[in-house]
Amino acid sequence: MDVHNLIIIGSWPAWYTAAIYATRALLNPLLFEGYMAWWIPAGWQLTTTTTVYNYPGFPDGIDGPELMLRIKKQCQNQWVEILPKTVDRVDFSVKPFKVFSWNEVYYAKSVIVATWATALRLRIPGEDKYWQRGISACAICDWGLPIYRNGRLIVVWWWDSAMEEATYLTKFASEVYILVRKWFFRASPSMQQKVALNDKIKVLWNTEVLEANWDGHQLRSVKAFNNKTNEKFDIECAGLFYAIWHKPNTDFLWWQLELDEGWSIKTDIWSAMTSVKWVFAAWDVKDKNTPFRQAVVAAWSWCKAALEAEQFLKSSN
């Protein structure tokens with residue numbers, strides 16, 4: 001039976017970073033990068049992003065897919081074994097751990113779970129075709145794109161995340177609309193107060209988005225609907241941001257690791273260790289309150305998880 005020192009489940013800058021650090025520690029990790037897992041290519045949201053301006057080392061920016069290819073190539077140059085397969089399930093109740101993929105089983109002394117969290121969408125007409133060309137699920141990631149500057153921006157939802165993104169966007173937009181499908185917010189009182197005191201923010205109650213309107217290149221307006229008066233109307237805008245929710249991709253871990261009510265993996269406060277010893281998790285797969293969903297911050301998080309795995313594996317020898 002071939003037992004790997006470390007198996008890493010997932011891809012993206014974070015997980016490739018973990019694999020690079022683990023390889024340099026002579027752990028010979030096996031990386032499952034996924035094959036259209038959760039309907040997203042290996043590389044996750046960066047593969048659906050246009051130009052990335054805030055990743056260090058690229059002063060003129062770099063296309064998201066190109067950045068992913070470069071990081072993956074660096075991983076391959078370190079002789080990391082990468083399998084383009086999706087993990088179906090795991091068994092952490094036995095040692096060595098079992099990882100199942102495509103009717104095959106792989107064994108590991110340690111596992112890093114790195115399956116990210118998927119941004120929920122509204123699924124309005126044209127959304128898939130024009131994603132990242134006017135519609136986004138991350139204001140902090142995409143505000144720097146020229147198409148969003150000094151224009152009217154729209155944020156959808158009613159929790160703290162919507163308040164935070166709307167407030168953040170006022171630094172760069174001419175004004176920001178928050179569309180709320182109810183007549184009240186579910187955000188914390190402090191966040192509601194911050195929105196109420198910002199002159200650049202306008203709230204439209206009982207309002208939902210029906211579709212996006214384009215000029216052939218980018219977003220120009222959205223068709224909205226007042227669910228109380230049945231009135232339909234257009235809102236001119238330069239960008240539409242979803243602040244709905246990021247669901248951790250942890251369905252395959254049910255009954256294997258301790259999860260919270262939002263499906264996030266529970267870990268030690270100061271560590272990436274999960275409820276099962278030798279199994280690690282980090283970033284927003286384990287923290288539903290992650291405030292900065294940035295590639296560079298994620299890379300740091302998984303570097304930390306890889307270094308912890310190295311320490312534990314060495315201590316067990």
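Give the long-range amide H neighbours of THR118: residues separated by 5 or more places, or on another chain, with amide H under 5 Å away, using H modelled in the peptide plane at 1.01 Å from N.
Residues meeting the criterion, in which the H sits 1.01 Å from N, are LYS247, ASN249.
How would TRP254, TRP263, TRP158 line up from fewest to most surrounding beta-carbon atoms within 10 angstrom?
Working: TRP254 10, TRP263 16, TRP158 21.
Fewest-to-most Cβ neighbours within 10 Å comes out as TRP254, TRP263, TRP158.
Counting other beta carbons within 10 Å of each residue's own, what order do LYS73, LYS223 fall into, fewest first?
Details: LYS73 11, LYS223 15.
Ascending number of Cβ neighbours within 10 Å: LYS73, LYS223.
Taking the alpha-carbon distance from LYS98 and a cut-off under 13 Å, which aspartates and glutamates remain once sequence neighbours fewer than 8 residues away in the same chain are dropped?
Once the sequence-local aspartates and glutamates are set aside, what remains near LYS98 is ASP2, ASP88.
Could you please state, rounded to a whole Å, how far the C-alpha centre of region 103-119 is from the C-alpha centre of region 227-285?
Computed from Cα coordinates, the inter-centre distance equals 17 Å.
Structure shown: which of LYS72/LYS95; LYS129/LYS247; LYS182/LYS266 lie over 26 Å apart, alpha-carbon to alpha-carbon?
Beyond 26 Å between Cα atoms: LYS72/LYS95; LYS182/LYS266.
Give me the lysines in straight-line cross-link reach of LYS194: C-alpha distance below 17 Å, same-chain residues under 8 apart excluded.
Within reach: LYS171, LYS202.
Could you run the Karplus curve 6.51 cos²θ - 1.76 cosθ + 1.60 with θ = phi - 60° over region 271-281 and give me ³J(HN,Hα) per residue in whole Hz, x for Gly and Pro?
Karplus values, whole Hz, x for Gly and Pro: 9, 8, 5, 8, 6, 10, 4, 6, 10, 10, 8.
Under 8 Å for C-alpha pairs, at least 6 residues apart: give me the relative contact order for region 150-242, rounded to a whole percent. Don't skip to the answer; put the middle values down first.
Numbers: 200 pairs, mean separation 27.8, N = 93.
That works out to 30 percent.
Any read-out appearing in this document is the output of simple, stated calculations on the displayed coordinates, not a laboratory observation. These numbers were taken from a predicted model, which means no experiment stands behind them. A quick note on method: Cβ atoms are made from the backbone with ideal geometry, for glycine too, and the neighbour counts reach across all protein chains shown.
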